Amino acid sequence: MSRARQPPLVTGISPNEGAPWTKVTIRGENLGTGPNDLIGLSICGHNCLLTAEWMSASKIVCRVGPAKDDKGEIIVTTRSGGQGTSTVSFKLLKPERIGILDQSAVWLDELNYYDMRTDRNKGISPLSLRPANPLGIEIDKGKVPLKDLENMFPSMSGDFTSENFSATWYLIENHSSTSFEQLRAAVGNLKKQASKKNEGSLAYVKGGLSTFFEAQDALAAIHQKLESDGTEKVEGSMTQRLENVLNRASETADTLFQEVLGRKDKADSTRNALNVLQRFKFLFNLPLNIERNIQKGDYDIVINDYEKAKSLFGNTEVPVFKKVYSEVETRIEALRKLLLDKLLETPSTLHDQKRYIRYLSDLHAPGDPAWQCIVAQHKWILQLMQNCKEDLIKEQKGIHTLGGVDLELDRSSALNRISLSAPVKRGGSFQTPKDDSWHYKSPQQVRFVEKLSDVVISQLPNFWKLWISYVNGSLFSETGEKSGQVEKLKKNARQRQNDFKGMIEEVTRRLVQLVRGALLPSSLTEQQLRQYGGWNTKTPLRGAWLTQVIHTVRLSHEALSALEIPNDLLQVIQDLLQDLRVHCLLTTLQHTEEDVKRLAEKEDWVVDNEGITSLPAQFEQCMVQMLQSLKEPMECKPGEINIFNLDVVQDKACEQCVSIMKVFIKCLEHLSTKTDGEIGTSHNCQYLERHTFLNLAEHLEKNGFTTAEKIIRVSIEALRQLDEYLFETYIDKKSDPIVGSLEPGIYAGYFDWKDCLPPTGVRSYLKEALVSIISVHAEVFTVSKELVSRVLSKIIEAVAEEMSRLMQCVSSFSKNGALQARLEICALRDAIELYLTSESLTSFKQALEALPQLQSGADKKLLEELLNKFKSSMKLQLNCFKPASFQPVKR
């Protein structure tokens, strides 16, 4: 593992010399990130970690131990930086001490010993004391600098108690100006000390051997004499008195030294107990420290202390240590249970889950806490999803509860964060309003999908990351790695891959089924509906809300795909999206059909410059808005298919679009019959055929409707049928009164073609017929100039046909009658000459052929004069039939 920090560097120590157990302050750089990061501290080769107190990254306080070297470096070791270096050193001083148990022929003053026991070095045993002047001569400190000596004798020491003792260093430092004779005397002293040390107590016995012999001889002589005279058994004899004296002397000696020796034994035992407590205070204080650190939440400190105690006392046979260590194990077991409870608590963050799993791993917790956490999180996610549905259904039914999980969406929800950051092109017309009131206006099913997706997006990523950390072993600390626990758990993870895959499948399947239960209940079985349904679906959602739902589900799919979850686990969401897109398409078409039905209510019959009402534009706008709203759901995102490539969807969409067109055509027919607007409707039909439907065909093709040509073709056929029907209806409606008025007008006043006066002009019936035709002209012209010729041609055909029939029905004409008939037929033909067709010309020709021919020039002249008179008198009325007002019909 690469270190994140530089190695520690010690640049100062205060004080820089002192006796063992001196408190020192160490300063430097990169001395650790905290107490747990400090794993080693040595001064002069002695481990001082137990007394170390980490203050900051540049300061540590500790006590110097009884090191072997009298001078050495200060080495700091941390987890983050490793073993460090030092630019300074510390000198360990050895004070003079008097050994109270050393054999001596003279009485020694014990004052120095007792002073030692009460000073700061009371923890040092007197057995470890050494004389400060081993040569036994006067010490003469030289002026050679210490640094020079260190350079001259690297890795050596001038302390004669050190393993690296250098005699040359010692002599230069303490006897640089001592004479040769004094040094020779010092050699003699050393030899005496060595001989004395080798002989030990035996030397004192040899030195007093004669005394022992003399005492033995005296006692033997006394014993022999007493046995010879038998006085040794007499009460009050000299031997008896001597024995008593010796016993008293012994008792007095015992009394004299018993208190001193007792105090010495008690002091030794107390000192030993204190040394044990001081040396092992870490263990004795550990149960209380564990309790305190658990309450503060400093689990790292507890784990480090436990690992240290386990390595030191895990296999101890000392009863007191075993008792304290068993208490430690009891506290640690309680901590394991506490951490496991916290790990399985919901909700919790991924950081806390990893932290608790690492703690339990370091504490060697039984089982597999990481997998337990994964199972608990899986159940929690499923419960959240189910609660989301139940809460919204209760809201829909008007039941408001205070309990349950609060899943209310807000602006900081996971879904909103992804929606703001995801590169999703919002092609649809639906946009979430900035006003927060949208939440209360939107349908319950839409809010449910929003909340459900927010649950999945906020929970599943951490769930997936927890699994990835579990598989690659990054959940566990170095302790686990060193003990081989990570490899064991990795093996467990590999064995549980199928189980975890099943968990992900269950979450995605639950998401899909809950959404289907709310929006696509027909796609579920009855059993599934009982579990995932329960929504009020009497009012189906409009396409805009379904577009929002599709957008939400797409965001969820994108968020889960970004986690690199295998596509086969997310295929059910893709299938859901496909069904939602099809449902959105068909629903939007159905609602558009309903909207088109209501367009008739908006028709005001106000025409524009081209004689078109607002209805075609409203219809086109309605269709364009529908196609625009379908743009986003119909757009193919990565992994999605074009639903128009599905034959079933093609057929249904085509059928629905044709139905919309026919509904609109039915709407036109209804308007024409309701408001006597056949001619206006007919004109709209022509406009629809030549403009609107062509525009819609282009829009449909652009938006992916592959059957656009078929839709428009069928629609135009239906439109033409309506147009033909409306035109014929209008012609019949307008021509029948005119045609019907001809015969009664001709024979008004008992007129007879055989017996009539000479003609004086065109009769009134014909003028009335022309006025009626002019009225139709004016009505059609108002609606559309293009329709004038088409309408008047048909009406004139009917009038000409009727005139031809009436003339052919006359058995005979008088001269005046023939002239009168010819005048009226010619006047009518000439007046509406612009709108004559082959059929009407044929009818007029047949009518004239039924009349006798004019024989005299006077009759022809009279006919011409009367025609001119007629045209002159009706010039104003006949202006509408002039070519200037004619616009050819573009058919």
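The values are calculated or read from the model by the stated rules, or taken from the named source; none is laboratory data. Model, not experiment: these values are computed from the prediction. Cβ sites come from the backbone with ideal geometry, for glycine too, and all protein chains shown count toward neighbours. For accessibility, only protein heavy atoms count, side chains too; no ligands or nucleic acids. Shrake-Rupley method; radii C 1.70, N 1.55, O 1.52, S 1.80 Å.
Within the range 846-862, identify whether any single residue is crowded, with 20+ Cβ neighbours inside 10 Å and closer than 18 Å to GLY761 by Cα, and answer yes or no. Checked against the condition, which is being crowded, with 20+ Cβ neighbours inside 10 Å and closer than 18 Å to GLY761 by Cα, the range 846-862 yields no hits at all. Of the listed requirements (1) out of contact with any Phe, Trp or Tyr (no Cβ under 8 Å at 6 or more places or on another chain); (2) more than 30 Å from LYS871 (Cβ to Cβ), TYR730 misses just one: (2). Each residue in the range 165-180 was checked for being part of a helix (DSSP H, G or I) and open to solvent by 50 Å² or more (accessible area, probe 1.4 Å), and 4 pass.
For ARG336, state whether it is part of a helix (DSSP H, G or I), in contact with a Ser or Thr (Cβ under 6 Å, 6 or more places away or on another chain) and not polar (S, T, N, Q). Explain how you work it out, then say what you get.
On the way: part of a helix (DSSP H, G or I): yes; in contact with a Ser or Thr (Cβ under 6 Å, 6 or more places away or on another chain): no; not polar (S, T, N, Q): yes.
Here the answer is no, as ARG336 does not meet what is asked.
Applying the criterion of being farther than 28 Å from LEU848 by Cβ, open to solvent by 50 Å² or more (accessible area, probe 1.4 Å) and part of a helix (DSSP H, G or I) to the residues of the range 779-806, the residue that is modelled with the highest pLDDT is PHE781. Within the range 135-153, no residue that is under 19 Å from ARG184 (Cβ atoms) and touching a residue at least 24 places away in the same chain (Cβ under 8 Å) sits with its Cβ atom under 9 Å from a residue that is of a type in the set (Lys, Arg) and not in a helix (DSSP H, G or I) at 6+ positions apart or across chains. Apart from one condition, SER477 fits all of (1) at pLDDT 70 or above; (2) under 30 Å from ASP37 (Cα atoms); (3) surrounded by 15 or more Cβ atoms within 10 Å (Cβ to Cβ); the exception is (1).
Screening the candidates ASP305, ASP362 for the property of being without any contact (Cβ under 8 Å) to a residue 24 or more places away in the chain and buried (at least 20 other Cβ atoms within 10 Å of the Cβ) yields one hit, ASP305. Taking the range 1-85 as the region of interest, the strands (runs of 3 or more DSSP E) fully inside it that hold 2 or more residues being under 24 Å from LEU312 (Cα atoms) and open to solvent by 50 Å² or more (accessible area, probe 1.4 Å) are 53-56. Of the residues making up the range 325-358, just one is under 21 Å from the mean Cα position of the chain (by Cα) and small (Gly, Ala, Ser), namely SER348.
Of the residues LYS322, LYS354, only one is touching a residue at least 60 places away in the same chain (Cβ under 8 Å), touching a helix residue (DSSP H, G or I) at 6+ places or on another chain (Cβ under 9 Å) and not acidic (Asp, Glu); which?
Working: LYS322 fails: touching a residue at least 60 places away in the same chain (Cβ under 8 Å).
Among LYS322, LYS354, only LYS354 is touching a residue at least 60 places away in the same chain (Cβ under 8 Å), touching a helix residue (DSSP H, G or I) at 6+ places or on another chain (Cβ under 9 Å) and not acidic (Asp, Glu).
Just so you know, in the range 146-155 the residues that are part of a loop (DSSP other than H, G, I, E, B) and open to solvent by 80 Å² or more (accessible area, probe 1.4 Å) include one that is modelled with the highest pLDDT, and it is PRO154. With the structure loaded, tell me whether ARG494 is more than 30 Å from LEU360 (Cβ to Cβ), of a type in the set (D, E, K, R) and modelled with pLDDT under 85 or whether it fails that test. Here the answer is no, as ARG494 does not meet what is asked. Restricting to the range 752-778, and then to whatever is in contact (Cβ under 8 Å) with a residue 60 or more places away in the chain and among the β-branched types (Val, Ile, Thr), can you tell me which residue is least open to solvent (accessible area, probe 1.4 Å)? Ranking the qualifying residues of the range 752-778, first place goes to VAL762. Only a single criterion out of (1) touching a residue at least 24 places away in the same chain (Cβ under 8 Å); (2) part of a helix (DSSP H, G or I); (3) more than 22 Å from VAL471 (Cα to Cα); (4) open to solvent by 50 Å² or more (accessible area, probe 1.4 Å) is not satisfied by PRO347, namely (2).
The residues in the range 615-641 that are surrounded by fewer than 17 Cβ atoms within 10 Å (Cβ to Cβ) and among the small types (Gly, Ala, Ser) can be counted, and the count is 2. Picking from residues in the range 54-78 that are of a type in the set (Lys, Arg) and touching a strand residue (DSSP E or B) at 6+ places or on another chain (Cβ under 6 Å), the one that is farthest from ILE26 (Cα to Cα) is LYS71.
Which residues, counting only those in the range 554-594, are outside any helix (DSSP H, G or I) and open to solvent by less than 10 Å² (accessible area, probe 1.4 Å)? Steps first, please.
Of all residues in the range 554-594, those outside any helix (DSSP H, G or I) come to 562-566.
Answer for the range 554-594, where residues must be outside any helix (DSSP H, G or I) and open to solvent by less than 10 Å² (accessible area, probe 1.4 Å): just ILE565.
Look at LEU541 and say whether it is assigned to a loop (DSSP other than H, G, I, E, B), of a type in the set (A, V, I, L, M) and at pLDDT below 85. Judged against the criteria, LEU541 is a match.
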